[in-house]
Amino acid sequence: MADADILALGEPLIELLRLDDPVDGRIVYAQGVGGDTLNAMVAAARQGARAGYLTAVGDDPFGEAITAFAAEEGIDTAHIAVRTGDPTGVCFIHPDPQERRFFYARRGSAASHYRPGDLPEAAIAGARVLHISAITLAISPGMRAAAFAAAETAREGGGLVAFDLNLRLALWSLDEARAAIEAFLPLADIVLPSDDEAALLTGQDDPGAILDHFGRHGAAHVVLKRGAKGVVLATSTGRHEIAAPKVEPVDSTGAGDSFAGAFLAYLIETGDSGLAAARAVRVAAGTVCGLGATAPIPTRAEVLKPE
């Protein structure tokens, strides 16, 4: 396929989704594919963007399943490395319409061994957007170093760097997270915090103060994700509230990720951040109406169909 316009760096995960109904008294999980930055690329690809993924998976059935899934979604898998002897990470999801309920089995995973030397520098320099999250920074010191190096390469190539907060304290301490995130923010052109995580990180709960905090290094776009309340978009022209459609949520997993991927897709297509955010909230709203991180993400046709 042609070079990707949007590249994401991070860790894909096999998703094991807990089902409501036991079988013979036993808890049952359904297998899927997820991982925050991969979720975002699925959303971007379903909106019509040329998306690609940078990571490593294990030489195991889970790694094969992830790569096959990404390829089926139209995501460029040329830069998904396979590491023999290292496992593919797993995420257990307990569906909840309001809260994120994840449990990880990812220590020592293939992606945690990713290093700056694994980066495809030419592909990164040629992309229009590089997407990274705080989970990417949390996976391991090696992956964190790769994220910083990739961001520098993207900026040197004239591309934008997008950063989704995605604060997961199961992966690192709040102090370590704060230090790494604050160090990365000067490299970000687009910052995508969620209000609950931003409040925990900054100690602020006022949307304006949160936007000030994440925009102080000069990011062109800061989008504060507020769940059912929609988003607040901050740009050089001011701040704009964008409401979310009213839906009956089933599972909040992946909603913020799908917003991020859709926002990036529509931003590079239209150049209009307000329009991109308005379409992306529809993607996120559709995502919470089904189970799992990727299965319910709406397509472009579903998002753009007349109401």
Next item on the list: Hey, could you check the stretch 178-232 for residues that are in contact with a Gly (Cβ under 8 Å, 6 or more places away or on another chain) and of a type in the set (A, V, I, L, M) and say which is surrounded by the fewest Cβ atoms within 10 Å (Cβ to Cβ)?
Entry: Val222
Next item on the list: Report the residue count in the stretch 105-147 for those that are part of a loop (DSSP other than H, G, I, E, B), out of contact with any helix residue (DSSP H, G or I) (no Cβ under 6 Å at 6 or more places or on another chain) and at pLDDT 95 or above.
Entry: 4
Notebook entry, point to check: What about Val82, is it out of contact with any Leu (no Cβ under 7 Å at 6 or more places or on another chain) and surrounded by fewer than 17 Cβ atoms within 10 Å (Cβ to Cβ)?
Noted result: yes
Notebook entry, point to check: Checking Ile66 against (1) touching an Asp or Glu at 6+ places or on another chain (Cβ under 9 Å); (2) outside any loop (DSSP other than H, G, I, E, B); (3) buried (at least 24 other Cβ atoms within 10 Å of the Cβ), which single condition isn't satisfied?
Noted result: (1)
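Going by the structure shown, is Arg144 of a type in the set (D, E, K, R) and under 17 Å from the mean Cα position of the chain (by Cα)? Working first, answer last.
Details: of a type in the set (D, E, K, R): yes; under 17 Å from the mean Cα position of the chain (by Cα): yes.
When the stated conditions are applied, Arg144 passes them.
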Item checked: Residue pairs meeting the criteria (Cβ under 6 Å; at least 6 apart or on separate chains; first among the acidic types (Asp, Glu), in the stretch 186-214; second part of a helix (DSSP H, G or I)) -> Asp205/Ala199
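State whether the residues of the stretch 256-266 include one that is touching a strand residue (DSSP E or B) at 6+ places or on another chain (Cβ under 9 Å) and without any contact (Cβ under 8 Å) to a residue 60 or more places away in the chain.
Our first condition is that a residue be touching a strand residue (DSSP E or B) at 6+ places or on another chain (Cβ under 9 Å); within the stretch 256-266, this holds for 256-257, 259-261, 263-265.
Cutting the leftovers down to without any contact (Cβ under 8 Å) to a residue 60 or more places away in the chain gives us none.
Scanning the stretch 256-266, I find no residue that is touching a strand residue (DSSP E or B) at 6+ places or on another chain (Cβ under 9 Å) and without any contact (Cβ under 8 Å) to a residue 60 or more places away in the chain, so the answer is no.
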Next item on the list: At least 1 residues that are within 17 Å of the chain's Cα centre (by Cα) and closer than 27 Å to Arg18 by Cβ in each: list the strands (runs of 3 or more DSSP E) lying fully within the stretch 218-266 that qualify.
Entry: 221-225
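The values are calculated or read from the model by the stated rules, or taken from the named source; none is laboratory data. Note that this is a predicted model, so its numbers are computed, not measured. In this analysis, Cβ positions are derived from the backbone assuming ideal geometry, glycine residues included, and neighbour counts consider all displayed protein chains.
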